[in-house]
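The values are calculated or read from the model by the stated rules, or taken from the named source; none is laboratory data. Remember, it's a predicted structure, so these values are computed and weren't measured experimentally. All Cβ positions, glycine included, derive from the backbone under ideal geometry; neighbour counts span all protein chains shown.
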Amino acid sequence: MKIDQFAVHAGQIVELVGVFVLIAGAAFACAAFVVRMARRVTFEDAYQKLRADLGRAILLGLEFLVIADIIGTVAVEPTLQNLGVLAVIVAIRTLLSFALEVEVSGRWPWQRNREEANGKGT
């Protein structure tokens with residue numbers, strides 16, 4: 001098997017893993033929501049945790065999809081046009097990841113490190 005064929009198959013496998021993570025994460029988040037409601041957790045708390053769980057599943061799935069895009073673009077067909085398309089895809093997914101991180105945790109990703117450092121020092 002040639003390296004480019006291997007890269008194509010590897011990219012497809014990683015892409016499938018990303019889709020599986022999205023579907024499985026959504027299923028687990030919904031199941032956890034049902035369990036929380038059965039335990040008589042308030043709807044608002046269960047809903048907020050559902051959104052956080054879904055956001056984490058989307059973030060993880062997006063990471064796998066970005067990896068698949070990088071493999072497909074850089075390893076298989078590294079033309080200037082494909083690299084430009086990859087850059088746009090990664091930029092959009094990065095912005096989406098930041099937005100989801102803020103939605104899930106309520107703060108920017110870099111604020112967590114500062115807050116944890118300040119918390120350890122006190």
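Key figures for this structure:
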| quantity | calculated |
| --- | --- |
| Yes/no for V85 being closer than 30 Å to D4 by Cβ and either at pLDDT 85 or above or touching a strand residue (DSSP E or B) at 6+ places or on another chain (Cβ under 6 Å) (or both) | no |
| Tally of residues being part of a helix (DSSP H, G or I) and either touching a Pro at 6+ places or on another chain (Cβ under 7 Å) or over 19 Å from E103 (Cα atoms) (or both) across region 33-65 | 7 |
| Among (1) closer than 30 Å to I3 by Cα; (2) in contact (Cβ under 8 Å) with a residue 40 or more places away in the chain - the single one A52 does not satisfy | (1) |
| All positions within region 1-34 that are over 24 Å from the mean Cα position of the chain (by Cα) and among the hydrophobic types (A, V, I, L, M, F, W, C) | M1, I3, F6 |
